[in-house]
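Participant: This is the structure I want to talk about, given as structure tokens.
Every number here is computed from the coordinates shown, using simple stated rules; none is lab data. In this text, all values refer to a predicted model and were calculated from it rather than measured experimentally. Cβ: placed from backbone, ideal geometry, glycine included. Neighbour counts: every protein chain shown.
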Amino acid sequence: MAKTIIKTVDLRKTYMQGRIPVEALREVNLEVREGEFLSVLGPSGSGKSTLLNLIGALDKPTGGKLFIENIDVSALNDNQLADLRIKIGFVFQFFNLIPRFTARENVELPMSIAGLSKGERRKRAEELLQMVGLASRMNHKPTELSGGEQQRVAIARALANNPRFLLMDEPTGNIDSKNAYEIIRLVKRLNEDKGVTIIMVTHDQQLAAEAKRIVYMLDGMIVRETVS
Ligand SMILES: Nc1ncnc2c1ncn2[C@@H]1O[C@H](COP(=O)(O)OP(=O)(O)OP(=O)(O)O)[C@@H](O)[C@H]1O
Ligand SMILES: [Mg+2]
């Protein structure tokens with residue numbers, strides 16, 4: 001069996017809304033193995049983004065534990081957390097590209113943070129953009145690209161530092177259905193051909209069904225799971 005790369009144990013997140021606690025996540029236990037393509041499906045407010053942000057080390061839990069490759073993430077200091085984040089690919093609903101940068105420069109950015117030379121960055125950015133079908137759009141800025149193209153740049157950027165896994169929060173939430181289908185095809189190809197481990201959050205049942213494993217969330221809890 002493939003090795004476990006993500007494991008949550010009774011993971012909790014409680015936000016304080018003034019003096020009123022909002023339990024966004026309650027005792028979530030999830031294990032993800034290398035090479036899996038998993039979707040997290042649930043209605044608005046069920047805690048999907050909260051869970052993904054915790055797994056991506058973008059936010060800290062208020063209870064329970066998160067292990068990434070057997071490392072207890074809650075025990076890491078800020079420098080160690082920053083090093084960990086470099087190894088996690090995150091794709092956001094609103095792409096989050098830098099507007100004044102071209103597609104290639106956007107993809108190069110995480111590699112400069114990781115300390116790659118200019119030549120290496122450029123070569124890898126071009127390879128990645130080619131892989132997502134944007135060879136002819138490398139010098140375009142985000143405003144000169146369609147929503148689907150922008151999201152493909154964001155996926156290339158997320159893959160820049162060879163992440164251990166890819167986290168996607170509603171990656172097709174702002175894309176028309178034709179382009180959404182293209183994105184899903186790309187995601188499946190990354191999983192099946194390149195072996196990238198993927199967790200995709202969505203409230204779209206049809207999209208979720210593209211993954212082999214579906215985890216259902218409701219009121220901050222995992223309530224059901226199916227494997228096809
Ligand atoms: N920063 C915050 N402060 C207070 N409450 C929050 C905060 N972020 C999220 N919440 C609450 O936590 C719960 C879970 O939110 P979350 O964003 O994880 O839901 P979601 O499943 O991603 O929803 P959607 O499908 O709308 O994106 C909601 O009740 C939300 O209002
Ligand atoms: Mg969300």
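Participant: Restricting to the stretch 16-62, and then to whatever is surrounded by fewer than 18 Cβ atoms within 10 Å (Cβ to Cβ) and at positive phi, can you tell me which residue is nearest to ligand 1 (Cβ to nearest atom)?
Facilitator: It comes out as GLY45.
Participant: Which one is surrounded by the most Cβ atoms within 10 Å (Cβ to Cβ) among residues in the stretch 86-101 that are of a type in the set (A, V, I, L, M, F, W, C) and within 14 Å of ILE113 (Cβ to Cβ)?
Facilitator: PHE90
Participant: Right, next: In the stretch 216-228, which residue that is within 16 Å of ligand 2 (Cβ to nearest atom) and touching a Lys or Arg at 6+ places or on another chain (Cβ under 8 Å) is farthest from ALA24 (Cα to Cα)?
Facilitator: It comes out as TYR216.
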